[in-house]
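Down below is the structure, laid out as C-alpha cells.
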Amino acid sequence: MFTGIITGVGRIAAVHDLGSSSAHGKRLAISAPAGYLDDVGLGDSIALNGACMTVTGLDPAAGRFTIDISAESLDKTAGLDQAGTALNLEKALRPQDRLGGHIVSGHVDGIGSVSRFAPHGESWELRILAPAALARFLAYKGSITVNGVSLTVNTVADQADGCEISINLIPHTVEHTALGQLQAGSRVNLEVDTVARYVERMLLAGVVPGRAA
C-alpha cells in the first residue's frame, strides 16, 4: 500500500532479459538517491512509477537495488523497460506514516498519453488522455495517480476515444518528481482512486440481470 507521495527519484541503470522470448520478463537494476536504501530489505515493496515491485537484490553501498518484472507487467505498464529512464520511487506505507496523498495500491489500471504539458502561471498544466475504460472512475476534484504521484483532477472532458483530464502541478511537484520530464506524447501509468472502484462494484451489485432499473 502507498500514498502517492514520492520519496525519491531513481533511474534505471541496466535492463537484463530473463529469457530469450517475449514471454520472459526483465531484471532491472535501479539507482536510488544517497541513503534511500538504508532501511530497505530484500522482499520489500517499492513502487516504480506507480507499479508495486519487490526488491530482489540490494546493494545499499552502491545505492542500487534490483527487481524482476514479468512480461505481463511490462505489457500493462509504461516506462519500465529502458535504461536511463527516471523513476518516481515510493516505499511501502507503514502504519505510523501520514497519509499525505490518497490510498494507492501500486496496481496500474491503464496507460494514458500526455496531450499537453506546459507552464500555466506559476504552475504547470498537465493534460492526459486516459483510456475509455477508466473514464467512469475520473471525476472533478477526484484523485488520480500518475506515474506513482497522487494528484487532483481539475477538469474532465469525455471524448470518443477516452477521457482527457487536466491536472495542475505546483513547482515543488515538478522539481521533486520525474513528472518534470514529461512531454506531449509521453505514456504514463495511471491508477484510479480505490474508493471509486468499490463504489462501482457496489452499484453494479444492486443491479439484477433482466430486471429494469
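Which lysines does residue 76 reach when only Cα atoms under 16 Å apart count, and residues fewer than 8 places away in its own chain are ignored? Partners within reach: 26. For segment 110-194, GluC sites (Glu not before Pro) are listed when DSSP marks them as loop and at most 14 other Cβ atoms sit within 10 Å of their Cβ; the list is 122. Accessible area per residue for the chain is 53 Å², calculated with a 1.4 Å probe on protein heavy atoms, without ligands, DNA or RNA. Taking all protein chains together and rolling a 1.4 Å probe, residue 172 ends up with roughly 110 Å² accessible. Accessible surface of residue 18, taken over heavy atoms with a 1.4 Å probe and every protein chain present, rounds to 80 Å². In this Cβ point-charge picture (+1 for Lys and Arg, -1 for Asp and Glu), the chain has a dipole of about 320 debye about its Cα centre.
In degrees, nearest 10, range 0 to 90: what is the angle between the Cα axis of helix 194-205 and the longest Cα principal axis of the chain? Here the helix axis deviates by roughly 40 degrees. Over the residues of the chain, the helix contribution to mean residue ellipticity at 222 nm works out to -3000 deg cm²/dmol, using -39500 (n - 2.57) for each DSSP H run of at least 4. With the full set of protein chains in place, find how many percent of the accessible area of the chain is carbon and sulfur; take the probe as 1.4 Å. Carbon and sulfur atoms account for 52 percent of the accessible area of the chain.
Each of 132, 150, 168 was scored by the projection of its Cα onto the charge dipole of segment 94-192, and the greatest displacement toward the positive side belongs to 150; charges sit on the C-beta of Lys, Arg, Asp and Glu.
The values are calculated or read from the model by the stated rules, or taken from the named source; none is laboratory data. Predicted model only: the values in this text are computed from it and were never measured. Counting neighbours? That spans all protein chains shown, and the Cβs are built from the backbone with ideal geometry, glycine included. Remember, those area values only see protein heavy atoms, side chains included, never the ligands or the DNA or RNA. Shrake-Rupley method; radii C 1.70, N 1.55, O 1.52, S 1.80 Å.
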